[in-house]
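Enquirer: Have a look at this one before I ask anything.
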Amino acid sequence: MEMAKKTPGRPPHIPSVTDRRIVELLASKGVRQSEICYVLGISGKTLRLRYGAELRRGASKLECALVLRLHALAGGNGPIALKAITFMLKAKFGWSKFAPPPPR
């Protein structure tokens with residue numbers, strides 16, 4: 001009786017178009033990479049190696065959606081708009097209440 005030769009390790013993961021769409025969609029909704037790995041049944045290293053572009057694109061879509069929402073909040077009236085404007089000025093332009101006032 002002959003024994004079949006086995007190759008070491010798992011077979012290589014080959015991404016499908018559907019898998020790529022799933023990764024991008026989940027990344028754009030803010031799902032953690034560990035959860036995306038669980039859905040696809042792959043390791044984190046394989047996810048970052050095979051789906052790096054989709055992860056970056058999904059993260060960019062999420063960031064853009066959050067910025068648009070923040071802009072919409074800042075355009076309103078009331079205390080929430082004031083907080084949104086203050087946050088944006090601090091985050092994007094380095095404003096701080098502790099910084100010295102500009103020279104006159």
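The values are calculated or read from the model by the stated rules, or taken from the named source; none is laboratory data. None of the values given here were measured: they were computed from a predicted structure. Counting neighbours? That spans all protein chains shown, and the Cβs are built from the backbone with ideal geometry, glycine included. Quick note on the areas: whole protein, heavy atoms, side chains included, nothing else; ligands and nucleic acids left out. Shrake-Rupley method; radii C 1.70, N 1.55, O 1.52, S 1.80 Å.
Enquirer: Residue by residue, what Karplus-based ³J(HN,Hα) values in Hz, rounded to whole numbers, does the stretch 57-63 have, using 6.51, -1.76 and 1.60 with θ = phi - 60° and x for Gly and Pro?
Expert: Values per residue, Gly and Pro as x: 5, x, 5, 5, 5, 5, 4 Hz.
Enquirer: Rounded to the nearest whole Å², what accessible area per residue is found for the chain with the 1.4 Å probe?
Expert: On a per-residue basis, 86 Å².
Enquirer: Subtract the Cα-Cα distance of residue 89 and residue 20 from 0.36 nm times their separation in residues, and report this length gain in nm to one decimal.
Expert: Value of the extension gain: 21.2 nm.
Enquirer: Still on this structure, I have one more. Considering the dipole of the chain built from charges on the beta carbon (Lys and Arg +1, Asp and Glu -1) around the Cα centre, which of 4, 98, 30 is farthest to its positive end?
Expert: 98
Enquirer: I need the per residue convex hull volume for the chain, using only the alpha carbons, in cubic angstrom as a whole number.
Expert: Dividing the Cα hull volume of the chain by its residue count gives 171 Å³.
Enquirer: In whole percent, and with a 1.4 Å probe on the protein chains, what portion of the accessible area of the chain is carbon and sulfur?
Expert: That fraction is 63 percent.
Enquirer: Same structure again: Would you kindly derive the ³J(HN,Hα) couplings of the stretch 39-53 from the backbone phi angles with the Karplus curve 6.51 cos²θ - 1.76 cosθ + 1.60 (θ = phi - 60°), listing them in order in whole Hz, with x for Gly and Pro?
Expert: Per residue, the Karplus-derived 3J(HN,Hα) values read 4, 8, x, 10, 8, x, 4, 5, 4, 5, 6, 8, 10, x, 5 Hz.
Enquirer: Okay, moving on. Taking a cut-off of 26 Å between Cα atoms, list the lysines near residue 97, but don't count ones fewer than 8 places away on the same chain.
Expert: Answer for residue 97, where 26 Å is the Cα cut-off: 83, listed by chain and number.
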